[in-house]
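S.K.: Attaching a single structure in structure tokens format; questions to follow.
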Amino acid sequence: MIDEELTAWLRGCFQRAFPDVPEAAQAGRVVLSQRPEFGDFQCSDAMQLARPLRMAPRQIAQKAVEGASLPGVVAKVEIAGAGFINITLENAYIAERACNNGIPARGAGRTMVIDYSSPNVAKPMHIGHIRSTVIGCAIDRLHRAVGYRVVADNHIGDWGTQFGIIIKGYRAFVNQEALAKDATEELERVYVQSYAKAKEDPEWMEACRLETVKLQQGDPENRALWQEFIRLSCHSFDEIFDRLGVRFDTTRGESYYQDRLGPMVETLEKAGLAHESDGAMIVDLSEAGLDVAIVRKRDGGFNYTTTDLATVATREEDYHPDKIVYVTDDRQQLHFKQFFHISRLLKLVPDSCSLEHVWFGLMRLPEGTFSTRQGNVIKLAALLDEAHRRALEVVRRNHPDMPDAEADALAEKVGVGAVKYADLSQDPRTLITFTWDKALSLEGNSGPYLQYAYARIQSVLDKHRAQFPADRPEAAALRLEDPVERTLALQLAQFPAAVVRATETYRPCVLADYLYSLSQTYSSFYQRLPFLKAEDGVRESRIRLCRLVGDVLAKGLCLLGIEAPARM
Ligand code: ARG
């Protein structure tokens with residue numbers, strides 16, 4: 001990647017200029033310039049060296065780059081302002097990098113387990129699960145793209161005391177017709193009703209508890225009901241995953257680990273980490289500033305922490321991952337800190353394995369349609385249907401004569417892409433408000449805008465093929481004579497860096513920002529310069545640039561889990 005190559009070179013320059021100064025060995029970090037008048041890349045490290053070297057930054061910069069050259073790559077090095085080093089690249093080098101901008105295999109030989117989406121059986125996905133699904137899917141794809149072996153595990157909540165409540169409620173209140181229509185919705189209704197009753201009626205509560213005990217002891221009837229709840233729930237989750245283009249390598253729910261929960265608490269006890277308190281087993285982490293984690297309740301039931309400990313141990317045994325990534329909303333931060341801390345104390349994973357909690361804030365959705373009494377519980381299917389409906393309006397407006405089936409398929413891609421992009425283009429940790437106008441806009445930083453940019457490029461390419469069938473733009477030399485062509489090529493060359501940075505920071509928005517800025521540059525390129533009317537040689541070069549932009553947009557959108565239709 002260009003920034004790394006230049007950094008390695010400049011670092012060498014600093015070391016050669018100041019061989020006896022340890023700080024100089026760290027200097028030379030090069031970043032993309034914010035403004036073209038400062039060259040293509042910039043380094044400001046001379047400022048930091050002023051103190052240890054007791055020299056003026058400008059002089060330091062001067063001395064570092066005196067006589068330095070990188071033939072074929074660097075065209076010009078200038079010292080500016082207080083001591084900035086500005087680097088301008090050779091056009092030929094930019095052109096070569098724009099054409100060969102494959103993603104480096106940074107993760108080759110490494111394994112990541114990613115735990116995302118992970119909704120709960122018999123409850124519809126809430127907004128937290130939706131964001132987890134969309135963000136997790138992008139992180140998953142990004143890691144595969146840089147060469148990781150990825151194990152995507154949907155850790156569904158299919159075990160615990162809530163099942164007694166549902167079983168009891170199901171026997172008493174289920175409406176089969178409603179169940180056939182929308183299983184998760186009906187199961188949730190049953191759960192809510194039974195839960196409310198348990199709160200008021202101690203006998204009902206006790207009966208629910210007994211159902212849970214029966215289930216856990218393997219009672220065939222309760223087991224069968226429980227399995228049916230899982231089947232129905234997974235069926236409706238799958239419908240959503242299909243629409244979102246999400247695929248898991250495995251779906252091991254919490255129940256998969258049930259046999260390991262008791263032994264895990266024993267291990268904790270033997271290690272001196274867990275002790276009894278008020279009938280429950282707890283791990284006191286207050287010295288580490290992490291409060292207390294309950295690992296077995298008074299009634300003998302196990303907790304979320306216990307399950308995650310058993311899960312991480314199993315993942316280590318089965319996959320030997322280099323990292324395990326969990327994607328959930330910010331409300332689970334304490335849980336993950338506690339469970340990571342305990343995992344380290346028990347050495348459930350080797351020190352070389354990193355445990356990462358990628359958390360995000362909740363997204364505010366438009367009032368009304370999508371919220372229920374719980375506030376943030378929204379029906380994802382309804383959200384996607386609404387996106388589809390609105391996208392269909394846009395499609396119909398642009399193509400009144402498109403056949404229905406085609407318009408429908410296109411509307412699904414645009415609508416789902418819009419919802420996903422609205423989520424992915426934001427910093428995951430900020431609180432954002434979703435609005436339809438912004439999500440579906442064809443002008444701003446939106447999914448449809450990028451899809452549209454891609455489709456327009458395809459139509460330019462079609463026209464070119466029709467008019468100049470003998471041209472071979474894929475082999476044309478890039479001519480970067482106009483500044484906008486040069487800027488565009490430099491941006492194309494940055495694609496690998498954007499992908500790697502988005503992957504390493506778990507922030508798909510880095511890639512989204514990159515794609516948006518690339519399409520904006522493309523748009524000025526398109527408006528400023530003739531393509532098909534340009535002279536021979538220039539025309540092929542410009543068409544090649546178009547193709548390269550199209551390829552990067554398609555690849556980038558695909559990494560975000562968004563489709564790029566050829567026509568829009
Ligand atoms: N089922 C959990 C919930 O709905 C999310 C699980 C996240 N993964 C994990 N290993 N804890 O909140």
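The values are calculated or read from the model by the stated rules, or taken from the named source; none is laboratory data. Please read all numbers here as calculations on a predicted model, not as lab measurements. Every residue, glycine among them, receives a Cβ derived from its backbone with ideal geometry; neighbour counts consider all protein chains shown. Accessible surface areas use protein heavy atoms only, side chains included; no ligands, DNA or RNA. Shrake-Rupley method; radii C 1.70, N 1.55, O 1.52, S 1.80 Å.
S.K.: Can Arg11 be described as at pLDDT 95 or above, open to solvent by 60 Å² or more (accessible area, probe 1.4 Å) and not in a helix (DSSP H, G or I)?
M.R.: Numbers: at pLDDT 95 or above: yes; open to solvent by 60 Å² or more (accessible area, probe 1.4 Å): yes; not in a helix (DSSP H, G or I): no.
In short, no.
S.K.: On to the next question. Return the residues of segment 162-182 that are acidic (Asp, Glu) and touching a residue at least 12 places away in the same chain (Cβ under 8 Å); say none if nothing qualifies.
M.R.: Of the residues in segment 162-182, the ones acidic (Asp, Glu) are 177, 182.
The one that is acidic (Asp, Glu) and touching a residue at least 12 places away in the same chain (Cβ under 8 Å): Asp182.
S.K.: Report whether or not Val265 is open to solvent by 30 Å² or more (accessible area, probe 1.4 Å) and not small (Gly, Ala, Ser). Working first, answer last.
M.R.: Details: open to solvent by 30 Å² or more (accessible area, probe 1.4 Å): no; not small (Gly, Ala, Ser): yes.
When the stated conditions are applied, Val265 does not pass them.
S.K.: Here's another thing I want to ask about it. Can you report the number of residues in segment 140-160 which are touching a residue at least 12 places away in the same chain (Cβ under 8 Å) and away from the ligand (no atom under 14 Å from the Cβ)? Give the derivation first.
M.R.: Initial filter on segment 140-160 (touching a residue at least 12 places away in the same chain (Cβ under 8 Å)): 140-143, 145-160.
After this cut, where a residue has to be away from the ligand (no atom under 14 Å from the Cβ) as well, the list is 140-143, 145-150.
The number of residues fulfilling the criteria is 10.
S.K.: Taking Leu268, is it among the hydrophobic types (A, V, I, L, M, F, W, C) and under 19 Å from Thr314 (Cβ atoms)? It would help to see each step written out before you state the result.
M.R.: Working: among the hydrophobic types (A, V, I, L, M, F, W, C): yes; under 19 Å from Thr314 (Cβ atoms): yes.
Criteria met by Leu268.
S.K.: Could you run through segment 14-23 and say how many residues are part of a helix (DSSP H, G or I) and either of a type in the set (A, V, I, L, M) or open to solvent by 50 Å² or more (accessible area, probe 1.4 Å) (or both)?
M.R.: As a first pass, look at segment 14-23 and keep what is part of a helix (DSSP H, G or I): 14-17, 22-23.
Adding the requirement that they be either of a type in the set (A, V, I, L, M) or open to solvent by 50 Å² or more (accessible area, probe 1.4 Å) (or both) leaves 15-17, 22-23.
Going through segment 14-23 one residue at a time, the tally reaches 5.
S.K.: I'd like to check which helices (runs of 4 or more DSSP H) are fully inside segment 116-234 and have at least 3 residues that are open to solvent by less than 50 Å² (accessible area, probe 1.4 Å).
M.R.: Working: elements: 127-145, 162-173, 176-181, 183-200, 202-216.
By residue number, 127-145, 162-173, 183-200, 202-216.
S.K.: Scan segment 516-550 residue by residue and report those that are surrounded by fewer than 20 Cβ atoms within 10 Å (Cβ to Cβ), among the charged types (D, E, K, R) and touching a Leu at 6+ places or on another chain (Cβ under 9 Å).
M.R.: Hit for segment 516-550 is Arg547, nothing else.
S.K.: Given the criterion in contact with a strand residue (DSSP E or B) (Cβ under 8 Å, 6 or more places away or on another chain), within 12 Å of the ligand (Cβ to nearest atom), of a type in the set (Ser, Thr, Tyr) and closer than 17 Å to Ala152 by Cβ, identify the matching residue among Thr314, Thr306, Thr328. Break it down stepwise before answering.
M.R.: Values: Thr314 fails: in contact with a strand residue (DSSP E or B) (Cβ under 8 Å, 6 or more places away or on another chain); Thr306 fails: closer than 17 Å to Ala152 by Cβ.
Result of the check over Thr314, Thr306, Thr328: Thr328.
S.K.: May I ask you to list the residues in segment 71-126 that are away from the ligand (no atom under 16 Å from the Cβ) and basic (Lys, Arg)?
M.R.: Applying the first criterion (away from the ligand (no atom under 16 Å from the Cβ)) to segment 71-126 yields 71-111.
Once the filter is applied, which keeps residues that are away from the ligand (no atom under 16 Å from the Cβ) and basic (Lys, Arg), segment 71-126 yields Lys76, Arg97, Arg106, Arg110.
S.K.: Provide a single number: the residues in segment 282-322 that are in a loop (DSSP other than H, G, I, E, B), farther than 18 Å from Lys337 by Cβ and either at pLDDT below 95 or in contact with a Leu (Cβ under 9 Å, 6 or more places away or on another chain) (or both). Can you show your working first?
M.R.: Going through segment 282-322, the residues in a loop (DSSP other than H, G, I, E, B) turn out to be 285, 289-291, 297-301, 303, 320-322.
Pick out the ones that are also farther than 18 Å from Lys337 by Cβ and you get 297-301, 320-322.
From the residues that got through so far, the ones that are either at pLDDT below 95 or in contact with a Leu (Cβ under 9 Å, 6 or more places away or on another chain) (or both) too are 297-301.
Number satisfying all stated conditions: 5.
S.K.: Right, something else. Can you pull out every residue in segment 426-482 that is at pLDDT 95 or above and acidic (Asp, Glu)?
M.R.: Asp462, Asp471, Asp482
S.K.: Looking at Ile114, is it modelled with pLDDT under 90, within 26 Å of the chain's Cα centre (by Cα) and farther than 24 Å from Glu211 by Cβ? Let's see the steps before the verdict.
M.R.: On the way: modelled with pLDDT under 90: no; within 26 Å of the chain's Cα centre (by Cα): yes; farther than 24 Å from Glu211 by Cβ: yes.
Here the answer is no, as Ile114 does not meet what is asked.
S.K.: Out of everything in segment 345-366 that is crowded, with 17+ Cβ neighbours inside 10 Å and without any contact (Cβ under 8 Å) to a residue 60 or more places away in the chain, what residue ends up being farthest from the chain's Cα centre (by Cα)?
M.R.: Leu348
S.K.: Which one of Arg344, Arg331 is part of a helix (DSSP H, G or I) and either touching a Gly at 6+ places or on another chain (Cβ under 6 Å) or within 25 Å of Thr430 (Cβ to Cβ) (or both)?
M.R.: On the way: Arg344 fails: either touching a Gly at 6+ places or on another chain (Cβ under 6 Å) or within 25 Å of Thr430 (Cβ to Cβ) (or both).
The match here is Arg331.
S.K.: Being charged (D, E, K, R) and open to solvent by 40 Å² or more (accessible area, probe 1.4 Å) is the filter; apply it to segment 246-262 and report the residue that is nearest to the chain's Cα centre (by Cα). Step through it out loud before you land on a result.
M.R.: Pass one, segment 246-262, residues charged (D, E, K, R): 247, 249, 252, 254, 259-260.
Still in the list and also open to solvent by 40 Å² or more (accessible area, probe 1.4 Å): 247, 249, 259-260.
Values: Arg247: 14, Asp249: 17, Asp259: 32, Arg260: 31 Å.
For segment 246-262, the residue satisfying everything is Arg247.
S.K.: For segment 478-568, which helices (runs of 4 or more DSSP H) that fit wholly inside it have 3 or more residues that are of a type in the set (Lys, Arg)? So that I can check it myself, show each step before the final result.
M.R.: Details: elements: 483-493, 495-505, 508-528, 538-559.
Those helices (runs of 4 or more DSSP H) span 538-559.
S.K.: Right, here's the next one. Under the condition of being touching a residue at least 12 places away in the same chain (Cβ under 8 Å) and among the charged types (D, E, K, R), which residue from segment 82-100 is nearest to Trp9 (Cα to Cα)? First the steps, then the outcome.
M.R.: Residues of segment 82-100 touching a residue at least 12 places away in the same chain (Cβ under 8 Å): 82-95, 97-99.
Still in the list and also among the charged types (D, E, K, R): 90, 97.
Numbers: Glu90: 15, Arg97: 17 Å.
Among residues in segment 82-100 that are touching a residue at least 12 places away in the same chain (Cβ under 8 Å) and among the charged types (D, E, K, R), the one nearest to Trp9 (Cα to Cα) is Glu90.
S.K.: Identify the residue in segment 269-281 that is surrounded by 17 or more Cβ atoms within 10 Å (Cβ to Cβ) and in contact with a Leu (Cβ under 7 Å, 6 or more places away or on another chain) and, among all such residues, is farthest from His341 (Cα to Cα).
M.R.: Narrowing segment 269-281 to residues surrounded by 17 or more Cβ atoms within 10 Å (Cβ to Cβ): 273-274, 280-281.
Applying the additional criterion that residues be in contact with a Leu (Cβ under 7 Å, 6 or more places away or on another chain) yields 273-274.
Details: Leu273: 11, Ala274: 13 Å.
Result: Ala274.
S.K.: Mind checking which pairs have a first residue in segment 287-305 that is at positive phi and a second that is open to solvent by 50 Å² or more (accessible area, probe 1.4 Å) and away from the ligand (no atom under 16 Å from the Cβ), Cβ under 7 Å, 6 or more apart or different chains?
M.R.: Here the result reads none, with nothing in segment 287-305 linked to a residue that is open to solvent by 50 Å² or more (accessible area, probe 1.4 Å) and away from the ligand (no atom under 16 Å from the Cβ).
S.K.: Could you tell me whether segment 235-245 includes any residue that is open to solvent by less than 20 Å² (accessible area, probe 1.4 Å), closer than 30 Å to Leu559 by Cα, touching a Cys at 6+ places or on another chain (Cβ under 9 Å) and not aromatic (Phe, Trp, Tyr)?
M.R.: Within segment 235-245, one or more residues are open to solvent by less than 20 Å² (accessible area, probe 1.4 Å), closer than 30 Å to Leu559 by Cα, touching a Cys at 6+ places or on another chain (Cβ under 9 Å) and not aromatic (Phe, Trp, Tyr).
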